[in-house]
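Visitor: A single structure is presented below for examination.
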Amino acid sequence: MRAAAVVAIATCAAVIALAAAAPSHAQPVGQPTAEQQTWRFESEEHQRSAPSWLELIEQYGLDRVDRAIRVDHLIHQGRCREARELANAEGDRNMALRVRQICPGNTGVVTPRGRRMRES
């Protein structure tokens with residue numbers, strides 16, 4: 001009985017010591033931080049404000065939307081020269097200029113956001 005009481009007191013003391021050592025500003029488990037909440041809000045807002053495929057087709061036409069998708073796939077495969085040539089061949093100078101802005105030069109890898117990273 002006495003041993004059990006000693007173990008119980010030691011356990012309580014350990015729990016109290018851990019609770020005292022924890023920072024008072026600790027984030028509750030499962031609750032997102034303010035930064036995570038802001039990111040989620042901005043992400044959802046962007047998704048709500050993005051035009052649908054039908055709106056894009058109505059605004060630019062099916063040919064241009066299809067061309068933009070093909071050019072995008074080439075860019076993400078790292079085939080920027082081909083993407084620029086495709087846009088130029090189709091007579092879409094603005095798209096060709098945008099491809100040049102996204103992936104200038106012939107070195108590096110294009111990231112999903114259009115940024116270029118140097119290969120090591």
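Visitor: Is the stretch 96-115 home to any residue that is surrounded by 14 or more Cβ atoms within 10 Å (Cβ to Cβ), modelled with pLDDT of 80 or more, among the β-branched types (Val, Ile, Thr) and over 22 Å from the mean Cα position of the chain (by Cα)?
Guide: Within the stretch 96-115, not a single residue is surrounded by 14 or more Cβ atoms within 10 Å (Cβ to Cβ), modelled with pLDDT of 80 or more, among the β-branched types (Val, Ile, Thr) and over 22 Å from the mean Cα position of the chain (by Cα).
Visitor: Looking at the stretch 11-59 only, could you name the residues that are modelled with pLDDT of 80 or more, hydroxyl-bearing (Ser, Thr, Tyr) and closer than 30 Å to Glu90 by Cβ?
Guide: Ser52 - this is the single residue of the stretch 11-59 that is modelled with pLDDT of 80 or more, hydroxyl-bearing (Ser, Thr, Tyr) and closer than 30 Å to Glu90 by Cβ.
Visitor: Also, quick follow-up: Sort out which residues of the stretch 77-89 are in a helix (DSSP H, G or I), open to solvent by less than 100 Å² (accessible area, probe 1.4 Å) and either under 15 Å from Cys103 (Cα atoms) or touching a helix residue (DSSP H, G or I) at 6+ places or on another chain (Cβ under 6 Å) (or both), and write them in order of number. Give the derivation first.
Guide: Of all residues in the stretch 77-89, those in a helix (DSSP H, G or I) come to 80-89.
Then drop every residue that is not open to solvent by less than 100 Å² (accessible area, probe 1.4 Å), which leaves 80, 82-84, 86-89.
Hits for the stretch 77-89 are Cys80, Glu82, Ala83, Arg84, Leu86, Ala87, Asn88.
Visitor: When you check Leu74 against the structure, is it surrounded by 14 or more Cβ atoms within 10 Å (Cβ to Cβ), closer than 18 Å to Asp92 by Cα and either of a type outside the set (Val, Ile, Thr) or in contact (Cβ under 8 Å) with a residue 60 or more places away in the chain (or both), yes or no? Step through it out loud before you land on a result.
Guide: Numbers: surrounded by 14 or more Cβ atoms within 10 Å (Cβ to Cβ): yes; closer than 18 Å to Asp92 by Cα: yes; either of a type outside the set (Val, Ile, Thr) or in contact (Cβ under 8 Å) with a residue 60 or more places away in the chain (or both): yes.
Answer is yes for this residue.
Visitor: Taking the condition of being open to solvent by less than 80 Å² (accessible area, probe 1.4 Å), assigned to a helix (DSSP H, G or I) and not polar (S, T, N, Q), how many residues in the stretch 40-65 meet it?
Guide: Residues meeting the conditions: 5.
Visitor: Return yes or no: is Leu62 at pLDDT below 70 and either touching a Cys at 6+ places or on another chain (Cβ under 7 Å) or aliphatic (A, V, I, L, M) (or both)? Outline the logic, then answer.
Guide: Details: at pLDDT below 70: no; either touching a Cys at 6+ places or on another chain (Cβ under 7 Å) or aliphatic (A, V, I, L, M) (or both): yes.
No; evaluated as a whole, the condition is false for this residue.
The values are calculated or read from the model by the stated rules, or taken from the named source; none is laboratory data. Predicted model, so just to flag it, every value in this text is computed and none were measured. As a convention, Cβ positions derive from the backbone with ideal geometry for all residues, glycine included, and neighbour counts pool all protein chains shown. For the accessible areas, the whole protein counts, side chains as well, though only heavy atoms, and no ligand, DNA or RNA atoms are used. Shrake-Rupley method; radii C 1.70, N 1.55, O 1.52, S 1.80 Å.
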